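Report on one structure; see the data block that follows.
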Amino acid sequence: MSRKALPQPARDEIRVEAVLQALGEPVRLQIIRALADAPEGIACGEIELPVTASTRAHHLRILREAGVLTTHTEGTRRISSLRREDLDTLYPGLLTGILTARR
């Protein structure tokens, strides 16, 4: 099965401003929390969200373009996973703080 990564910034291109802006939306935080519990990744359509498919795709694109998650295709499925190692290296404690914050 072929895997093709979708466009995303390299580690050294990830900017904290973009990450914080991407995470400043409740639906995107919901996505991040789901991905944090699935290090192997999740097919985009399998994340329970209170939005339409096109809005879901928009939120996932914003997170990917900010460098918060990585997405690749497996056949017809898009699998997303959190870029925890990259974010922890660049901004130690940021993801942990966000994921453990009171909702």
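The values are calculated or read from the model by the stated rules, or taken from the named source; none is laboratory data. Keep in mind it's a predicted model, so treat the numbers as computed, not measured. Here Cβ is always computed from backbone atoms with ideal geometry, including for glycine, and neighbour counts include all displayed protein chains. Protein only, heavy atoms only, side chains kept; ligands, DNA and RNA dropped before computing areas. Shrake-Rupley method; radii C 1.70, N 1.55, O 1.52, S 1.80 Å.
Summary table
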quantity: Number of positions in the range 33-81 that are in a loop (DSSP other than H, G, I, E, B) and either surrounded by 16 or more Cβ atoms within 10 Å (Cβ to Cβ) or not hydrophobic (A, V, I, L, M, F, W, C) (or both); calculated: 13
quantity: Candidates Arg11, Arg15, Arg84, filtered to the one that is charged (D, E, K, R), modelled with pLDDT of 95 or more, within 12 Å of the chain's Cα centre (by Cα) and open to solvent by 30 Å² or more (accessible area, probe 1.4 Å); calculated: Arg84
quantity: Qualifying positions in the range 18-27 - in contact with a helix residue (DSSP H, G or I) (Cβ under 6 Å, 6 or more places away or on another chain) and either without any contact (Cβ under 8 Å) to a residue 12 or more places away in the chain or open to solvent by 30 Å² or more (accessible area, probe 1.4 Å) (or both); calculated: Ala18
